[in-house]
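To keep things clear, I will list the structure first and then write my remarks on it.
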Amino acid sequence: MSVKKEPTLLDDLNQALAGETLAAFRYLYLSKIATGISSLPLSKLFKEMADGEWDHASRFMERIIQLGVPVSKPVEWEKKAFFSYSEPPRRGNDLKAMIKESLKLERSSLEFYQRLATKTRDTDMVTHKMAMDAMADEAREERKLTALLD
């Protein structure tokens, strides 16, 4: 019988870095391909979200460097990310599908950061605050995307 190893803080931080990097790429890509009558506001939202994800990635990388070594090979990002990465669409004409897929990403981010915040609440206040801040940002993005579907 094998014992499942509990992820270390460094593992968790590298998951955050990988996930944020992939999310930033995805949102930047979506911002460039979105087409259709309502695409301009959505393109702008995706670009803002990409900028926010890059900021998160930068913060997590800085924290990882304080504690160890960040995952730096792009081929490893998909393996390490806290969500299952799916290739973005080739064309941007289905805005509703882009929003729905983005909501899945935001919700998995919220779940991950909730777990990270709980895990670090009493042991690492720096990482705890980072997780709480990222969770607040992701919740705002999730609300914006949800409002677009209403």
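Got at least one residue in region 32-48 being on the phi > 0 side of the Ramachandran plot, open to solvent by less than 70 Å² (accessible area, probe 1.4 Å) and touching a strand residue (DSSP E or B) at 6+ places or on another chain (Cβ under 9 Å)?
Checked against the condition, which is being on the phi > 0 side of the Ramachandran plot, open to solvent by less than 70 Å² (accessible area, probe 1.4 Å) and touching a strand residue (DSSP E or B) at 6+ places or on another chain (Cβ under 9 Å), region 32-48 yields at least one hit.
Suppose we keep only residues that are free of Cβ contacts under 8 Å to residues at least 12 places away in the same chain and more than 17 Å from the chain's Cα centre (by Cα) within region 36-65. Which one would you say is nearest to Leu148 (Cα to Cα)?
Result: Pro41.
Residue-wise test of (1) in contact with a Leu (Cβ under 6 Å, 6 or more places away or on another chain); (2) open to solvent by 100 Å² or more (accessible area, probe 1.4 Å); (3) of a type in the set (Ser, Thr, Tyr); (4) not in a helix (DSSP H, G or I).
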{"position": "Phe60", "(1), (2), (3), (4)": "yes, no, no, no"}
{"position": "Glu76", "(1), (2), (3), (4)": "no, no, no, no"}
{"position": "Phe82", "(1), (2), (3), (4)": "no, no, no, yes"}
{"position": "Glu87", "(1), (2), (3), (4)": "no, yes, no, yes"}
{"position": "Ile99", "(1), (2), (3), (4)": "yes, no, no, no"}
{"position": "Leu105", "(1), (2), (3), (4)": "no, no, no, no"}
{"position": "Tyr113", "(1), (2), (3), (4)": "no, no, yes, no"}
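Among (1) β-branched (Val, Ile, Thr); (2) open to solvent by 60 Å² or more (accessible area, probe 1.4 Å); (3) assigned to a helix (DSSP H, G or I), which single condition is Thr123 missing?
(3)
Within region 134-145, restricting attention to residues that are touching a residue at least 24 places away in the same chain (Cβ under 8 Å) and open to solvent by 40 Å² or more (accessible area, probe 1.4 Å), which residue is nearest to Phe83 (Cα to Cα)? Give the derivation first.
Step one: of region 134-145, the residues touching a residue at least 24 places away in the same chain (Cβ under 8 Å) are 134-135, 137-139, 141-142, 144-145.
Filter once more, keeping what is open to solvent by 40 Å² or more (accessible area, probe 1.4 Å): 137, 144.
Numbers: Asp137: 17, Lys144: 20 Å.
Looking at the filtered set, the residue picked out is Asp137.
Tell me which residues, restricted to region 66-87, are in contact with a helix residue (DSSP H, G or I) (Cβ under 6 Å, 6 or more places away or on another chain) and closer than 28 Å to Thr146 by Cα.
Once the filter is applied, which keeps residues that are in contact with a helix residue (DSSP H, G or I) (Cβ under 6 Å, 6 or more places away or on another chain) and closer than 28 Å to Thr146 by Cα, region 66-87 yields Trp77, Lys80, Ala81, Phe82, Phe83, Tyr85.
The values are calculated or read from the model by the stated rules, or taken from the named source; none is laboratory data. Keep in mind it's a predicted model, so treat the numbers as computed, not measured. Counting neighbours? That spans all protein chains shown, and the Cβs are built from the backbone with ideal geometry, glycine included. In case anyone asks, the SASA skips ligands and DNA or RNA and just uses the protein heavy atoms, side chains included. Shrake-Rupley method; radii C 1.70, N 1.55, O 1.52, S 1.80 Å.
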